[in-house]
Amino acid sequence: MTSTVHLDPQTGILSGEPVTESRRTIGRLTGYFRDEAARAAFDQDTLVYRVLAYEPRPEGVPGAVCCATTFLEPGLVGDEYFLTRGHFHAREDRAELEVTVSGEGLLVLMTEDRQTRVEPMRPGSVHHVPPRTAHRVANTGSTPLVFVSYWPSETGHDYQTVVAHGFGARVRRVDGHPRVVEDVGHR
Ligand code: M6P
Ligand code: ZN
């Protein structure tokens, strides 16, 4: 029996009939960046990231492991690097694994009491996202940041908490370099 899904280890491209694609443009990221005026000034169709996903079971249904490749473009909104929305898991005790394919960036991890830390992402780096930990990725490089994520199918996404309270820190360019800056903005 041959698998109908293929993951190109060089490019991260997932292909095959069950693979779905979703795209996140600047226009669909209202509320995620620090500088809303800078976000609004963009061409709203600008692509920030796309996700190719293989989910053998629908979200929330147990019994499978899912995987997805995220292609996060390089760029800045004001002084803040392009990022993924970030989320907690609806089933809080579920963990996730990220494997970097190419590019460079930071994985931002935040516990429920807002303790926020980062792990550098570079080709081949493997990152375990523990339970009860919000996770977001920022692209600090000049090429797309490509990474593959794995999580149990029953996990589910909670975006609301991040929309309401943000992360405890943001990844900003300061004097030409990435810096993790505490964000007390909207708790
Ligand atoms: C990773 C995984 C996915 C997630 C994607 C984009 O691939 O964590 O579950 O959908 O990143 O991140 P977000 O959903 O937070 O925008
Ligand atoms: Zn997740």
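The values are calculated or read from the model by the stated rules, or taken from the named source; none is laboratory data. These numbers were taken from a predicted model, which means no experiment stands behind them. Here the Cβ is made from the backbone with ideal geometry for all residues, glycine too, and neighbour counts use every protein chain on show.
Out of all the residues in region 169-183, is one or more within 12 Å of ligand 1 (Cβ to nearest atom) and either under 14 Å from GLY86 (Cα atoms) or buried (at least 17 other Cβ atoms within 10 Å of the Cβ) (or both)? No. The single residue among THR116, THR100, THR111, THR30 that is of a type in the set (Val, Ile, Thr) and under 29 Å from HIS6 (Cα atoms) turns out to be THR100.
If you go through region 62-89 and keep only what is under 20 Å from GLY168 (Cα atoms) and either touching a Pro at 6+ places or on another chain (Cβ under 6 Å) or of a type outside the set (Phe, Trp, Tyr) (or both), you end up with LEU76, VAL77, GLY78, ASP79, GLU80, LEU83, THR84, ARG85, GLY86, HIS87, HIS89. Looking across region 66-115, the residues that are touching a strand residue (DSSP E or B) at 6+ places or on another chain (Cβ under 7 Å), without any contact (Cβ under 8 Å) to a residue 60 or more places away in the chain and not small (Gly, Ala, Ser) come down to PHE82, GLU96, LEU97, GLU98, VAL99, THR100, GLU104, LEU107, LEU109, MET110, THR111. The set of residues in region 100-112 being surrounded by fewer than 19 Cβ atoms within 10 Å (Cβ to Cβ) and in a strand (DSSP E or B) consists of SER102, THR111. Of the residues making up region 1-30, those that are more than 11 Å from ligand 1 (Cβ to nearest atom), modelled with pLDDT of 95 or more, assigned to a loop (DSSP other than H, G, I, E, B) and not acidic (Asp, Glu) are VAL5, PRO9, GLN10, THR11, ILE13, GLY16, PRO18, VAL19, THR30.
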